[in-house]
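Everything on this sheet refers to the single structure shown next.
The values are calculated or read from the model by the stated rules, or taken from the named source; none is laboratory data. On a predicted model such as this, the values are computed, not experimentally measured, just so you know. Ligands, DNA and RNA are excluded from the accessible area calculation, which covers all protein heavy atoms including side chains. Shrake-Rupley method; radii C 1.70, N 1.55, O 1.52, S 1.80 Å.
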Amino acid sequence: MSTTPRIAVIGAGAFGTALASVAAASGGDVTLIGRDATAVDLMRASRRNEKALPGIDLPPTLSFSADAEAIRGAGIVLFAMPSQAQRAAARSLAPLLAPGTAVVICAKGMEKGTGRLLTEVLEEELPGREIAVLSGPGFAADIAKGLPTAMVIAARTAETGAWLAQALSGPTFRLYPSTDRIGVQLGGALKNVLAIACGIIEGAELGDSARAALISRGLAELSRFVAAHGGEGTTVTGLSGLGDLVLTGTSHQSRNLRFGIALGRHGDAAGWSGDLVEGAFAASVASSVAAEKGIDMPITDAVARIIDGSLDVKTAIGQLMTRPITQE
């Protein structure tokens, strides 16, 4: 593996732009690829992505392209599009990705309809490539501003994980390598569901004690789900589980939290589109998978039912608080 790989980032939204920015600022040869040629030209001229990251200057060394061909020859390709777009992107880009290319999933979710992990999806569409996952507590604006941020990168082998961590880290952006791709992915996906639940608590004005209880019991729920899928239950106590949940379950920068607040206040999310709320997809998928596998996931199930309108917030709280008392 090259120690100085060329890096391509697919997806010029906030997170993709932030990751491209920090990698370029650290001296990497980085190209940010977006679909909208006009927007890409504007970013190239202004050195900013005002739509996604207003007021933040991008490194002078960062390259831009609206042509997918720009990924040819890249040693590392970051897939920074939403989880439900990952399969289609992988299928269309497969001819441009050489065998052995490291493809890093930068979305947090499971595939709707199949319940499959995104590593499974990309390994199906991109055989012969190294599929890794980047997850953890990091808002795009914080990363792009150079504020201290630590996340996890999980790869199939420890060697690949360490290489990717070294290639993508910077002075203010630290990646910790892991080999538990299952635990890291499920932590990233289900913490969004729990962040919605935290928002519901806040919107319904149920208090900080309720939020703290939800976070701790939600982690127990998440640990069971990870273990049932062959991952390491202890992974959820790290950056990709607890760390990410504390961030998205308490900060109003979190789209999932704000979505949950709307549910808690109004009983529905009128005016919100679930298309970019990853937790809205993950809730229904995880709830269905848990039912099929016999995994006890009361919080996830309640969030899924509140979102689809089959359960109201007051009834959900009552059901959770009157569950049989067992050992913690």
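Expressed in Å, the radius of gyration and Dmax of the Cα atoms of region 35-129 are 14.9, 42. Take the chain with all the other protein chains still there, run a 1.4 Å probe, and you get 43 Å² of accessible area per residue.
Restricting to Cα pairs below 8 Å that are 6+ residues apart, what does the relative contact order work out to for region 76-136? Please round to a whole percent. Reported relative contact order: 41 percent. Each stretch of four or more DSSP H residues adds -39500 (n - 2.57); spread over every residue of the chain, this sum gives -14500 deg cm²/dmol at 222 nm. Less than 5 angstrom separates the built amide H of Tyr176 from those of Met151, Val152, Ile153, all sequence-distant by 5 or more or on a different chain. When the alpha carbon gyration tensor of region 5-63 is reduced to an equivalent ellipsoid, its three semi-axes come out at 16, 12, 10 angstrom, largest first. Annotation: amide H-H contacts under 5 Å for Gly138 (H modelled 1.01 Å from N, sequence separation of 5 or more, or interchain): none.
Between region 114-142 and region 1-35, the C-alpha centres lie 16 angstrom from each other.
Please label the shape of region 170-248 as rounded, prolate or oblate, based on the square roots a ≥ b ≥ c of the eigenvalues of the alpha-carbon gyration tensor (a/c under 1.5 means rounded; beyond that, a/b larger than b/c means prolate, else oblate). Judged from the Cα gyration tensor, region 170-248 comes out oblate (a/c at least 1.5, b/c at or above a/b). The count of lysine pairs in the chain with alpha-carbon distances below 27 Å, taking only pairs 8 or more places apart or on different chains, stands at 11.
Using a cutoff of 8 angstrom between alpha carbon atoms and counting only pairs six or more residues apart, the relative contact order for the chain works out to 14 percent.
List the residue ranges in the chain for DSSP H helices whose C-alpha atoms run 20 angstrom or more along the long axis and whose Kyte-Doolittle average is 1.0 or above. Show your work: numbers first, answer last.
Working: long enough: 181-203 (33 Å, 1.08); 208-228 (30 Å, 0.50); 278-293 (22 Å, 0.52).
Taking the DSSP H segments of the chain (at least 20 Å long, mean hydropathy at least 1.0), we get 181-203.
Plugging the Kirkwood radius over Cα pairs into Stokes-Einstein for region 116-232, at a temperature of 25 °C and a viscosity of 0.890 mPa s, what D comes out in µm²/s? Estimated via Stokes-Einstein, D reaches 155 µm²/s. Each 10 Å bin from zero up to the one holding the largest Cα-Cα distance in the chain carries the following percent of pairs: 6, 28, 34, 22, 9, 1, 0. A straight line joining the Cα centroids of region 60-85 and region 174-193 runs 22 Å.
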